[in-house]
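Below is one structure, written out as structure tokens; the observations come after it.
The values are calculated or read from the model by the stated rules, or taken from the named source; none is laboratory data. Just so it is clear, the structure is predicted and the values come from calculations on it, not from any experiment. Heads up, the Cβs are rebuilt from the backbone with ideal geometry, glycines too, and the neighbour counts pull from every protein chain shown. These area figures cover heavy atoms from the full protein model, side chains too; ligands, DNA and RNA do not enter into them. Shrake-Rupley method; radii C 1.70, N 1.55, O 1.52, S 1.80 Å.
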Amino acid sequence: MLGFLKNPIVVTAEINMNLLALTVMGLISRLRGLSYPRAIVFDEVYYGQFVSLYMKRIFFVDDSGPPFGHMLLALGGYLGGFDGNFLWNRIGAEYSLNVPVWSLRLLPALAGALCVPLAYQILVEMHFSHCAALGGALLILLENSLITQSRFMLLESILIFFILLAVLCFLKFCNSQSCSAFSGSWWFWLLLTGVACSCAVGVKYMGLFTYMLLLVIAGLHFWHMVEDQNLSNASLMCHFVARGLALIIIPVTMYLSFFYVHLALLYRSGPHDQIMTSAFQASLEGGLARITQGQPLEVAYGSQITLRNVLGKPMQCWLHSHKNTYPIRYDNGRGSSHQQQVTCYPFKDVNNWWIVKDPGMQQLVVSNPPRPVRHGHIVQLVHGITTRYLNTHDVAAPLSPHAQEVSCYIDYNISMPAQNLWRVEIVNRESDTDVWKTILSEVRFVHVNTSAVLKVSVRLSGASLPEWGYRQLEVVGEKLSKGYHQSMVWNVEEHRYGKSQEQKEREVELHSPTQMDISKNLSFMARFAELQWKILTLKNEDTEHKYSSSALEWITMDTNIAYWLHPTSGAQIHLIGNILIWASANVAALIYLCLSLWYLVRRRRRIYDIPEDAWRLWVSAGRICVGGWAVNYLPFFLMEKTLFLYHYLPALTFQILLIPIILQHLSNHLCRSLLSKSMFSAFIVAWFSLVYLVYCTFSPVTYGAPSLSVTELKNLRWKDSWNILIRKH
């Protein structure tokens, strides 16, 4: 029974020494001296703030992209025991002792290091020689810009890692297709492709470019399968469903999961709450939630409410009035009604409170039981402190003469009757009998007499009233109210059921906090939809940055970025590439395009310069490398945002992979004689030596050490457009 123990248990394993050596070299190049400099380096000042907010569980919105990359950086901080207490106020500021610098920079560095063996495996899976794969991986290893970008708390190296992982998994899936469809390895690589794609998109939206490229290639691959008569309809359907599940359903599900974890972690109110809706703010702990917790859900006649404009631009504001009146005449000579001003005020104030009144009754308190206001009901809005009614009439607004003035009506006993009836229209209603709900309902107020809609004036510079209006935002009645622009939409933010009929008692009531027993929790999908929309539409003012550049400057590396400068010595770190690799990558792309055109024209004339297998290999390499370069580069010409050199790094990575492909192709198909092959090999060795020499030359500004003299720094300025920092003593 125990006879199997008579022989030793032997485990054998194949180790690819090339892969192992490349991994070790990648780790050394990215991890050595990772804690240096112990100071904020360039965009660490930006990402570090988000890491601190994660540590403190405080909600934030970053318009640069999804949260997965930020969560990975925060994971590094968590593993290092970071408590989030650090002021990320300027580049070059020294880190305090509580900041685990090595841990925060670890994940980007690991991702950058693993890109080296990934490059090797991608070229092998594309059926190029191990020598060519080794050369491509070494080029990734010796590219100074990729090293610099991966050694700090930045996202580009993580993005490139997931992009390369997605490409590798897809290639492995395709290679397993012919011999073992629907096998365990086939499913593994297909599913991992979808996972890697979703991670790439989750780090930065730039990952979407490679994801779409792989979807197109997968679609073409499936289209060719349709021609295969050996595959049954059921088999084709299974292939289609499998690809749809792995490449669409799983990435979408994972993308949603990134936001789910993000929102679960950041449950506390923070500085970015203001741009979110009241409903979203109320779902966070503290802030608005502390104020609105337990408010009545249904707005009733007699309710005391504050009305927040949904647009939130140029700033969040609430419908507001005060005792001051419009001037009899404006500076341009136009007259006004001289009635009480109505504005939109960007701060919480007791003058933001209004009472919802039934036009057919005099009482300003909620009856028992409450009578809820529904879509289409006619109401009057009474200003809580001054008890005057919200009114609009055919008088031009102060800043927007095409629109009607909105005021609180004062009876001057002249021929200007009150026009204070408003119809409540619930924009996001599910039926025409919906009840007006606190926070959740988005409503328009349509003036019964004139059909004008209550709205905040929207201008590029904002519509702030002059000094007589305390620089508050203008509120108007807009007659041309086509559609539902957010400036016309309001929601109830604070709400209580009024109990005091006497004005003095009511004023005390308006100043007191609300405490009722009802909660309003948004679903995850509602919170996700709002946050996703804010990320896509929120635009910070694009300001010219000293190191911003155009996409056209990236190809020839006519620009660089100074990441860090030592406060006393000449030590500095720059995002600057290995210029020989960049130039070679451009030449390789040009050669590929020219040879492809030549081959296509010749094949059109039935002249085949290379074997059919070599042609298919050439085309598939172009789909991945040239296609990857194009989709990660060309879209930047259409973008209206501040661009930097590091945006080019994903495209550059694909272009670098093309270099060994071109070299192998030239060696195999253009160098016919033994002499030409020997000369070409000697050229490659000499070229690689120069690549290494350039890498060593720029290493001091890649790693920030050793410190260089003024003369040495000037000698590094190989292009007049490069900004090498020279300290003046």
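Given the structure, is residue 51 in a helix (DSSP H, G or I) and surrounded by 22 or more Cβ atoms within 10 Å (Cβ to Cβ)?
Details: in a helix (DSSP H, G or I): yes; surrounded by 22 or more Cβ atoms within 10 Å (Cβ to Cβ): yes.
Yes: the conditions hold for residue 51.
Conditions (1) at pLDDT 90 or above; (2) assigned to a loop (DSSP other than H, G, I, E, B), marked per residue:
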position: 314; (1), (2): no, yes
position: 321; (1), (2): yes, no
position: 324; (1), (2): yes, no
position: 327; (1), (2): yes, yes
position: 337; (1), (2): no, yes
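Assess whether residue 589 counts as being without any contact (Cβ under 8 Å) to a residue 24 or more places away in the chain, surrounded by 14 or more Cβ atoms within 10 Å (Cβ to Cβ), of a type in the set (A, V, I, L, M, F, W, C) and in a helix (DSSP H, G or I).
Values: without any contact (Cβ under 8 Å) to a residue 24 or more places away in the chain: no; surrounded by 14 or more Cβ atoms within 10 Å (Cβ to Cβ): yes; of a type in the set (A, V, I, L, M, F, W, C): yes; in a helix (DSSP H, G or I): yes.
Considered against the rule, which asks whether it is without any contact (Cβ under 8 Å) to a residue 24 or more places away in the chain, surrounded by 14 or more Cβ atoms within 10 Å (Cβ to Cβ), of a type in the set (A, V, I, L, M, F, W, C) and in a helix (DSSP H, G or I), residue 589 comes out as no.
State all residues of the range 232-244 that are closer than 14 Å to residue 197 by Cα and touching a residue at least 12 places away in the same chain (Cβ under 8 Å); if no residue qualifies, say none.
Looking only at the range 232-244, we keep the residues that are closer than 14 Å to residue 197 by Cα, and these are 243-244.
243 - this is the single residue of the range 232-244 that is closer than 14 Å to residue 197 by Cα and touching a residue at least 12 places away in the same chain (Cβ under 8 Å).
Within the range 347-372, can you find the residues that are of a type in the set (Val, Ile, Thr) and more than 45 Å from the chain's Cα centre (by Cα)?
Of the residues in the range 347-372, the ones of a type in the set (Val, Ile, Thr) are 350, 355-356, 365-366.
365, 366, listed by residue number.
One line per residue, one yes/no per condition, for (1) more than 25 Å from the chain's Cα centre (by Cα); (2) free of Cβ contacts under 8 Å to residues at least 60 places away in the same chain:
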residue: 66; (1), (2): no, no
residue: 81; (1), (2): yes, yes
residue: 92; (1), (2): yes, no
residue: 105; (1), (2): no, no
residue: 136; (1), (2): yes, no
residue: 145; (1), (2): no, no
residue: 154; (1), (2): no, no
residue: 160; (1), (2): no, no
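Keeping to the range 428-458, report how many residues are among the charged types (D, E, K, R), in contact (Cβ under 8 Å) with a residue 12 or more places away in the chain and part of a loop (DSSP other than H, G, I, E, B). Before the answer, list the steps.
Of the residues in the range 428-458, the ones among the charged types (D, E, K, R) are 429-430, 432, 434, 437, 442, 444, 455.
With in contact (Cβ under 8 Å) with a residue 12 or more places away in the chain added as a condition, the list becomes 429, 432, 434, 437, 442, 444, 455.
Now narrow it down to the ones that are part of a loop (DSSP other than H, G, I, E, B): 429, 432, 434, 442.
Residues that pass the stated criteria total 4.
If I go through the range 136-151 residue by residue, how many of them are in contact with a helix residue (DSSP H, G or I) (Cβ under 6 Å, 6 or more places away or on another chain) and either aromatic (Phe, Trp, Tyr) or open to solvent by less than 10 Å² (accessible area, probe 1.4 Å) (or both)? Explain how you work it out, then say what you get.
Let us first name the residues in the range 136-151 that are in contact with a helix residue (DSSP H, G or I) (Cβ under 6 Å, 6 or more places away or on another chain), namely 136-137, 139-144, 147-151.
Checking the rest, the ones that are also either aromatic (Phe, Trp, Tyr) or open to solvent by less than 10 Å² (accessible area, probe 1.4 Å) (or both) come to 136-137, 139-140, 143-144, 147-151.
Selection size over the range 136-151: 11.
Need pairs with beta-carbon distance below 9 Å; first residue under 13 Å from residue 115 (Cα atoms) and modelled with pLDDT of 95 or more and within the range 11-33, second open to solvent by 50 Å² or more (accessible area, probe 1.4 Å) and of a type in the set (S, T, N, Q); sequence gap 6+ or separate chains.
The qualifying pairs do not exist here.
Hey, could you check the range 189-227 for residues that are farther than 30 Å from residue 73 by Cα and not hydrophobic (A, V, I, L, M, F, W, C) and say which is most open to solvent (accessible area, probe 1.4 Å)?
From the range 189-227, those farther than 30 Å from residue 73 by Cα are 216-227; that's our starting set.
Adding the requirement that they be not hydrophobic (A, V, I, L, M, F, W, C) leaves 219, 221, 224, 227.
Working: 219: 39, 221: 55, 224: 104, 227: 120 Å².
Only one residue fits best here, namely 227.
How many residues does the range 86-131 hold that are surrounded by fewer than 22 Cβ atoms within 10 Å (Cβ to Cβ) and among the small types (Gly, Ala, Ser)?
So the answer is 5.
Anything in the range 429-439 that is out of contact with any strand residue (DSSP E or B) (no Cβ under 7 Å at 6 or more places or on another chain) and open to solvent by 70 Å² or more (accessible area, probe 1.4 Å)? List them, or say none.
Passing the criteria: 429, 430, 432.
Being touching a Leu at 6+ places or on another chain (Cβ under 7 Å) and buried (at least 16 other Cβ atoms within 10 Å of the Cβ) is the requirement here; does residue 61 meet it? Lay out the reasoning, then the answer.
Working: touching a Leu at 6+ places or on another chain (Cβ under 7 Å): yes; buried (at least 16 other Cβ atoms within 10 Å of the Cβ): yes.
Criteria met by residue 61.
Would the range 315-324 turn up any residue that is open to solvent by 10 Å² or more (accessible area, probe 1.4 Å) and without any contact (Cβ under 8 Å) to a residue 40 or more places away in the chain?
No - not one qualifying residue is present in the range 315-324.
Given the residues 580, 593, 617, 565, which is the only one that is farther than 21 Å from residue 124 by Cα and out of contact with any Leu (no Cβ under 7 Å at 6 or more places or on another chain)? Write out each step before concluding.
Details: 580 fails: out of contact with any Leu (no Cβ under 7 Å at 6 or more places or on another chain); 617 fails: farther than 21 Å from residue 124 by Cα; 565 fails: out of contact with any Leu (no Cβ under 7 Å at 6 or more places or on another chain).
So the residue among 580, 593, 617, 565 that is farther than 21 Å from residue 124 by Cα and out of contact with any Leu (no Cβ under 7 Å at 6 or more places or on another chain) is 593.
Could you grab me the full set of residues in the range 409-427 that are open to solvent by 70 Å² or more (accessible area, probe 1.4 Å) and part of a loop (DSSP other than H, G, I, E, B)?
Filtering the range 409-427 down to residues open to solvent by 70 Å² or more (accessible area, probe 1.4 Å) leaves 411-415, 417, 423.
Those that are open to solvent by 70 Å² or more (accessible area, probe 1.4 Å) and part of a loop (DSSP other than H, G, I, E, B): 411, 412, 413, 414, 415, 417.
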